[in-house]
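Q: Shown below is the structure under consideration.
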2 protein chains.
Amino acid sequence: MSDEISGRGDPLKSLQLLWGRTEAPRRGPKAKAGVADLVSAAVAIADAEGLDAVSTRRVADAVGISPMSFYTHIPGKAELLDLMMDAVAGEVLKDRPVFKPAQWRANLSRVATDYRDFYLAHPWVIQLATHRTVLGPNTFRSADVALSAVEGLGLTDLEMDRVLNLVLDYVHGAVRNAAREKRVKELTGMTDAEWWSRVEPFLETVDFSPYPVLSRVGKTTGETYGAHDPEGAFAFGLARVLDGLSVFIEEKTAKRKR
Amino acid sequence: MSDEISGRGDPLKSLQLLWGRTEAPRRGPKAKAGVADLVSAAVAIADAEGLDAVSTRRVADAVGISPMSFYTHIPGKAELLDLMMDAVAGEVLKDRPVFKPAQWRANLSRVATDYRDFYLAHPWVIQLATHRTVLGPNTFRSADVALSAVEGLGLTDLEMDRVLNLVLDYVHGAVRNAAREKRVKELTGMTDAEWWSRVEPFLETVDFSPYPVLSRVGKTTGETYGAHDPEGAFAFGLARVLDGLSVFIEEKTAKRKR
DNA sequence: GACAACCTCGTACACTGTAAATAGTTATTT
DNA sequence: AAATAACTATTTACAGTGTACGAGGTTGTC
């Protein structure tokens with residue numbers, strides 16, 4: 001277990017599949033299932049039961065082929081994961097919003113919340129995103145739209161890249177907290193409250209005097225970490241990030257005017 | 001494969017192990033290996049070969065006991081992962097720096113870079129940190145120290161929590177990018193350059209016209225994503241985050257003076 | 001009809017986490 | 001000293017994983 005890597009194996013084969021560059025077979029029987037079927041079945045399983053429920057056998061079974069037939073269509077599990085990532089990447093910023101440079105703050109807000117909703121809809125993406133970027137069409141498209149949120153501000157290309165990465169890095173980090181609650185709940189069948197009610201009696205027996213600040217702050221933020229407000233925390237962090245970018249961008253444009 | 005969860009199973013057993021609350025055995029033979037041996041062996045394996053090289057059998061073998069003897073000391077793999085996390089958490093902010101409130105910016109900088117170095121030293125932590133927080137002594141200690149970086153600024157406890165979380169969320173997200181390169185390199189034996197040299201010929205055959213912004217920006221940021229400057233990107237993002245916090249904190253303290 | 005291309009499948013191997021039963025070791029109790 | 005309870009260690013076993021290999025069936029082209 002633990003970490004199959006998305007982006008290993010022959011990178012070329014992955015790319016060909018991502019871009020649909022596999023030439024149509026001229027002979028042979030018609031395939032019962034295509035790559036798209038396998039991928040969407042895998043995504044459905046991951047959405048419903050988490051990433052570790054996705055096995056090549058399960059996926060093959062879901063589309064009605066035998067375990068090993070899976071490998072006729074996709075060379076290995078790593079490639080399947082790449083394809084899954086790119087498949088769902090099509091959902092983010094789906095309507096291709098038109099961004100006006102003057103409203104960069106609203107633009108980035110939109111990008112951030114869209115990515116956040118996306119991660120929450122497919123929490124398994126967060127796990128896979130620990131690996132290499134998938135170079136697929138949908139991933140490219142969403143990156144293109146996201147970058148265009150900071151287009152026309154007088155930033156250099158490198159700055160645009162960094163600004164966007166800052167926002168997305170923050171979103172990723174912030175969503176982790178909300179997403180893992182969801183995952184743990186599903187996998188353990190325990191709600192957060194149940195879990196804490198089991199843990200709390202023990203915590204009351206530990207000596208918190210070596211952690212004075214944590215113990216005070218922890219109590220306030222809700223029963224020593226128990227109650228979260230992910231929504232509020234996300235909004236708070238995003239506002240700070242945008243404030244920080246505001247300082248940077250304002251200074252940039254002020255210089256340009258001189 | 002994919003995702004064992006750190007924080008499942010009986011939460012109490014995990015906590016007892018984390019806090020060394022297992023009473024010393026009164027009878028029976030002396031154990032060949034203790035919990036600490038198992039955990040440090042596991043950490044060594046994870047550091048050297050990645051998280052997926054850590055199996056209960058491997059760990060048992062490393063300390064010289066038979067596979068199933070592992071379970072005499074630790075109830076399952078989930079608990080092992082919790083213990084691993086807390087074990088290495090002892091390394092972050094090890095010297096317990098004394099933070100002066102007036103220098104909150106330097107303080108948070110220190111916290112951020114310390115966590116960054118920590119993640120880079122143990123990239124597998126990033127994968128596991130997708131799950132629930134480990135309630136262990138070392139984790140508590142590092143959280144306490146980190147929180148004290150923003151102590152005495154006139155922030156409420158909730159604000160302190162959010163400020164710190166913002167910084168740590170960003171660090172986590174930013175480090176991901178650097179850490180995954182390291183991991184992919186180790187696991188595939190391919191350097192980033194090798195990997196890109198294989199991928200590039202293909203990318204040149206794809207039509208980038210649907211992604212005008214990405215294609216332009218990508219080219220500038222280095223061979224369409226090829227060359228990174230993680231160091232620079234990290235510094236850039238952190239500076240923006242701190243700028244954003246500066247706005248918030250300054251406004252706060254200004255109000256207090258009134 | 002022959003052949004090559006292609007899909008599907010059964011078997012097999014090395015690995016994983018861990019349940020269950022058994023055997024061996026030690027300190028306490030009788 | 002013998003019995004017992006508590007504890008560690010080990011063997012065997014099972015269901016699950018990814019996937020290599022090879023055999024067999026199906027389709028289009030020559």
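The values are calculated or read from the model by the stated rules, or taken from the named source; none is laboratory data. Remember, predicted model here, so these are calculated numbers, not experimental data. Counting neighbours? That spans all protein chains shown, and the Cβs are built from the backbone with ideal geometry, glycine included.
Q: With the requirement that a residue be modelled with pLDDT of 95 or more and facing another protein chain (nearest Cβ under 7 Å), what does segment A:219-241 give you?
A: Selection gives A:PHE236, A:GLY237, A:ARG240, A:VAL241.
Q: On to the next question. Could you check segment B:70-99 and list, in sequence order, the residues that are part of a loop (DSSP other than H, G, I, E, B), more than 8 Å from DNA strand C (Cβ to nearest atom), in contact with a helix residue (DSSP H, G or I) (Cβ under 7 Å, 6 or more places away or on another chain) and more than 13 Å from every other protein chain (Cβ to nearest Cβ)?
A: At the first step, the residues of segment B:70-99 found to be part of a loop (DSSP other than H, G, I, E, B) are B:74-76, B:90-99.
Next, only the ones that are more than 8 Å from DNA strand C (Cβ to nearest atom) stay: B:74, B:90-99.
Applying the additional criterion that residues be in contact with a helix residue (DSSP H, G or I) (Cβ under 7 Å, 6 or more places away or on another chain) yields B:74, B:90-93, B:96-97, B:99.
B:ILE74, B:GLU91, B:VAL92, B:PRO97, listed by residue number.
Q: Between a residue in segment B:44-69 that is more than 13 Å from every other protein chain (Cβ to nearest Cβ) and any residue that is more than 10 Å from DNA strand D (Cβ to nearest atom) and in a loop (DSSP other than H, G, I, E, B), which pairs come within a Cβ distance under 8 Å, given they are 6 or more apart or on different chains?
A: Cβ pairs passing all conditions: B:ASP47/B:HIS122.
Q: Now a separate question. Just one of the numbered conditions (1) within 16 Å of DNA strand D (Cβ to nearest atom); (2) crowded, with 16+ Cβ neighbours inside 10 Å is not true of A:TYR71; which one?
A: (2)
Q: A further question follows. Mind listing just one residue for me: the one in segment A:1-39 that is at pLDDT below 90 and among the acidic types (Asp, Glu) and, of those, surrounded by the fewest Cβ atoms within 10 Å (Cβ to Cβ)?
A: The residue in question is A:GLU23.
Q: Within the group B:GLU200, B:GLU204, B:GLU251, which residue is surrounded by fewer than 20 Cβ atoms within 10 Å (Cβ to Cβ), more than 8 Å from every other protein chain (Cβ to nearest Cβ) and at pLDDT below 90?
A: B:GLU200
Q: Next up: When only residues in segment A:40-59 that are within 29 Å of B:THR205 (Cα to Cα) and away from DNA strand D (no atom under 14 Å from the Cβ) count, which is surrounded by the fewest Cβ atoms within 10 Å (Cβ to Cβ)?
A: So the residue we want is A:SER40.
Q: Residues of segment B:54-69 being within 6 Å of DNA strand C (Cβ to nearest atom) and among the β-branched types (Val, Ile, Thr), which ones?
A: Taking segment B:54-69 and keeping what is within 6 Å of DNA strand C (Cβ to nearest atom), we get B:55-58, B:67-68.
Correct list: B:THR56 only.
Q: Further question on the same structure: Select, from A:THR72, A:THR113, the only residue that is over 25 Å from A:PHE248 (Cβ atoms) and either touching a Cys at 6+ places or on another chain (Cβ under 7 Å) or polar (S, T, N, Q) (or both).
A: Just a single option satisfies the conditions, and that option is A:THR72.
Q: Taking B:ARG132, is it at pLDDT below 95 and not aliphatic (A, V, I, L, M)?
A: yes
Q: Out of B:ARG216, B:ARG183, B:ARG256, which single residue is within 8 Å of another protein chain (Cβ to nearest Cβ), in a helix (DSSP H, G or I) and modelled with pLDDT under 85?
A: B:ARG183
Q: Here is a follow-up. Only one of A:ARG116, A:ARG105, A:ARG141, A:ARG162 is in contact (Cβ under 8 Å) with a residue 40 or more places away in the chain and either among the aliphatic types (A, V, I, L, M) or surrounded by 21 or more Cβ atoms within 10 Å (Cβ to Cβ) (or both); which?
A: Values: A:ARG105 fails: either among the aliphatic types (A, V, I, L, M) or surrounded by 21 or more Cβ atoms within 10 Å (Cβ to Cβ) (or both); A:ARG141 fails: either among the aliphatic types (A, V, I, L, M) or surrounded by 21 or more Cβ atoms within 10 Å (Cβ to Cβ) (or both); A:ARG162 fails: in contact (Cβ under 8 Å) with a residue 40 or more places away in the chain.
None of the other options fit; the residue is A:ARG116.
Q: Do we find that A:ARG116 is among the basic types (Lys, Arg), closer than 29 Å to B:PRO123 by Cβ and not in a loop (DSSP other than H, G, I, E, B) in this structure?
A: Answer is yes for this residue.
Q: Of the numbered conditions (1) buried (at least 19 other Cβ atoms within 10 Å of the Cβ); (2) in contact (Cβ under 8 Å) with a residue 60 or more places away in the chain, B:ALA121 satisfies every one except a single condition; which is it?
A: Exception for B:ALA121: condition (1).
Q: Right, something else. Within segment B:126-149, can you find the residues that are assigned to a helix (DSSP H, G or I) and either of a type in the set (Ser, Thr, Tyr) or more than 7 Å from every other protein chain (Cβ to nearest Cβ) (or both)?
A: Across segment B:126-149, the qualifying residues are B:LEU128, B:PRO137, B:ASN138, B:THR139, B:SER142, B:VAL145, B:ALA146, B:SER148, B:ALA149.
Q: Could you tell me which residue of segment B:11-39 is farthest from A:PRO201 (Cα to Cα), considering only residues that are among the β-branched types (Val, Ile, Thr) and touching a residue at least 24 places away in the same chain (Cβ under 8 Å)?
A: Within segment B:11-39, the match that is farthest from A:PRO201 (Cα to Cα) is B:VAL39.
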